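Report on the structure given below.
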Amino acid sequence: MKRCLGLLTIAMVLLTVTGIGTAQGYRDGDYEAAAGFGAGMTILLIIIGVLMIVSMWKIFTKAGKPGWASIIPIYNFVVMLQIAQKPEWWIILMFIPFVNIIIAIIIALAI
């Protein structure tokens with residue numbers, strides 16, 4: 001986890017230093033700066049998404065579950081509940097706003 005956070009920090013610093021991740025110099029009609037900001041954010045989101053998939057895949061395989069289950073929406077929550085040894089009916093709680101944040105924290109701590 002620390003390694004993933006380190007990689008994420010490095011990516012954010014690189015995007016900021018190169019100016020891709022910021023909209024500095026944006027004025028009326030200066031759409032290139034805004035486009036650079038959008039491109040930088042897209043790259044950052046792709047990096048975060050890949051990082052999340054890789055880390056969940058590793059967690060699932062270490063727990064003896066199939067790694068492909070980490071990329072299937074909703075089913076990955078069911079598998080995480082199994083890994084955390086929590087009741088599977090908690091999946092319903094993941095659809096309730098604000099409750100889902102608490103449940104996600106409990107599952108993360110249990111894993």
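Data for the structure
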item: Condition met for residue 10 (modelled with pLDDT under 90 and in a loop (DSSP other than H, G, I, E, B)); result: no
item: Sole exception among (1) exposed (fewer than 13 other Cβ atoms within 10 Å of the Cβ); (2) at pLDDT below 60 for residue 26, by number; result: (1)
item: Where a residue in the stretch 90-105 is closer than 14 Å to residue 78 by Cβ and its partner, wherever it lies, is of a type in the set (Val, Ile, Thr), with Cβ under 7 Å and at least six apart; result: 90/103; 91/78; 93/99; 93/103; 94/103
item: Positions within the stretch 77-90 being within 18 Å of residue 66 (Cβ to Cβ) and open to solvent by less than 50 Å² (accessible area, probe 1.4 Å), in sequence order; result: 78, 79, 80, 81, 83, 84
item: Output for the stretch 54-94, where each listed residue is more than 16 Å from the chain's Cα centre (by Cα) and within 12 Å of residue 111 (Cβ to Cβ); result: 62, 63, 65, 79, 81, 82, 83, 84, 85, 86
item: Residue match in the stretch 67-75 (condition: polar (S, T, N, Q) and surrounded by 14 or more Cβ atoms within 10 Å (Cβ to Cβ)); result: yes
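The values are calculated or read from the model by the stated rules, or taken from the named source; none is laboratory data. In this text, all values refer to a predicted model and were calculated from it rather than measured experimentally. Reconstructed Cβ throughout: ideal geometry from the backbone, glycine too, with neighbour counts over all protein chains shown. Remember, those area values only see protein heavy atoms, side chains included, never the ligands or the DNA or RNA. Shrake-Rupley method; radii C 1.70, N 1.55, O 1.52, S 1.80 Å.
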